[in-house]
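Every number in this text was worked out from the coordinates using simple rules, so none of it is lab data. Small disclaimer: the values here were computed from a predicted structure and weren't measured. As a convention, Cβ positions derive from the backbone with ideal geometry for all residues, glycine included, and neighbour counts pool all protein chains shown.
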Amino acid sequence: MWNLEGAMTGANDAFLRMVQYDREDLASGRVRWTDLTPAEWRGHAEQAVAELKATGIFQPFEKEYSRKDGSRVPVLLGGALLEGDGNEGISFVLDLSEQKRTERALRRSEAFLAEGQHLGKIGSFSWCVATDEITWSAELYRIYEIEIGIPVTFELIRSRVHPEDVSLIEKMKMVDRAREDGHDFEWRYRLLMPDHSIKYMHAVAHATRDQDGQLEYIASVQDVTARRLAEEASDKARSELAHVARVMTVGTLAASIAHELNQPLSGIVTNASTCMRMLAANPPNVDGAHETARRTIRDGNRAAEVITRLRALFSKKDAATESVNLNDAALEVIALSLAELQKNGVVLRPELADDLPLVTGDRVQLQQVILNLVLNASDAMSGVDDRPRQLVIRTEREDDRARLTVQDVGVGIEPYGMEKLFEPFYTTKNGGMGIGLSVSRSIIEGHHGRLWATLNDGPGAAFSFSIPRAPDGFARSEDLCNTQAT
């Protein structure tokens, strides 16, 4: 209770607790309602008094009161004059402290969320299926590079989505038609920006129901362009490193390459000379010349096959996925490296399984791994003189996987150094770069397999890799193509 002169004539306990005064303060007149109003709020109080005199009431408004200890309390204040001489009135005062704390916490939470979305480049939006109402977060506007606050429409979204891709809204509509209750899903698509740059998006959508029971999607959309470009750069660097590793083996295989080519070339020269003598004879030996010409063609094809294998192994080209028989891949590597192994006194013993399943992968890359393991095994036995330098290439079926092992009887590996062998640039060879095994493991892991090393029961070590078998449909389609080609 109060009067227009500023005195407070009565108050309930709740109000007194709110402003931290007691009834003695009220009775003594030491506290007036005008004293409770901070200076910056007095203009609002004067407007309320003017409204009160004119209409008998004043509409509720928010303000602050000063407490006895000098602190402030936010309140909602409204009041009216009592009937009588028009000088006394009554007010209700609602303490807004808890509400203001909640509002501050909410604003702080919203600020954290907005900042987190901005740092993570993650936007969010909702789509009401029944009304097609779409609501975007500020970060999603920034990702799409559209002015914040512009109404979001399907046409506006489509203007940014790459023409070859399906937008997230379009994908949601497909899911909605396929399943009435909605469905959670992930979606990857691209944006084509006005400057013709590409952005890569990764979205996660969740189907829910709003307060009216209507189907609604809540989704988060992350700009993963930087990650995608980093992955592409990593893949390119890995490919470059793999190419370097392949090229480095040229010097090691020089003797083998020369041997492989020298045999068919010598045969070509010999057969050509024999053919000329037979044709120069009197009478000419046409049948003999025909046979030597056939052998010349055969040797020419052998030389061409060697060149083809070398070009495939050392060429710089993109990975090509196909159905691969590890036995055939290993035999081609053996043919390429046999002369080098024989020169080093290595006795090669292939143990190839008859029931080996096909695998899916890049034939050249897998041959690179096999070749690297074979050459490493040969190097590991270069100092062995007290036992035969035996190298085993073994393939075997392992449930739904194909496994290949290269085993030597060399100097072995220190147990603590087993995993270090696969680290980039770690090497135990003089003059080695230490990238062969690292690249090999990267290749095998790229084929969803694993590569590891183990110690033999006796001298030496074994390096093995296993790869999942090719899907039946993939293998059958390959066999069909081979049959048709035949």
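What is the fewest-to-most order of W2, W136 by other Cβ atoms lying within 10 Å of their Cβ?
The fewest-first ordering by Cβ neighbours comes to W2, W136.
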Taking the Cβ of each residue in H196, H44 as the centre, tally the other Cβ atoms inside 10 Å and list the residues starting with the fewest.
H196, H44
Which order do V324, V129, V359, V166 fall in if you start with the one that has the fewest other Cβ atoms within 10 Å?
V166, V129, V324, V359
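Checking the a/c ratio against 1.5 first, then a/b against b/c, what shape does the Cα gyration tensor give for the range 113-223?
prolate
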How would the range 18-95 be classified by its alpha-carbon gyration tensor: rounded, prolate or oblate, with rounded meaning a/c under 1.5 and the a/b versus b/c comparison settling the rest?
oblate
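Only Cα pairs under 8 Å and at least 6 apart count here; give the relative contact order of the range 113-223 as a rounded whole percent.
Here the relative contact order equals 29 percent.
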Sorted by mean Cβ packing within 10 Å, highest first, what order do the peptides 337-344, 26-33, 403-410 take?
403-410, 337-344, 26-33
Under unit Cβ charges (Lys, Arg +1; Asp, Glu -1), what dipole magnitude, rounded to 20 debye, does the range 1-124 have relative to its Cα centre?
600
In sequence order, what are the phi-derived ³J(HN,Hα) couplings for the range 217-224 according to the Karplus relation 6.51 cos²θ - 1.76 cosθ + 1.60 with θ = phi - 60°, rounded to whole Hz, with x for glycine and proline?
9, 10, 9, 10, 10, 10, 7, 9
Farthest toward the dipole's positive end in the range 113-223, which of V152, A205, M193, given Cβ charges of +1 (Lys, Arg) and -1 (Asp, Glu) about the Cα centre?
M193
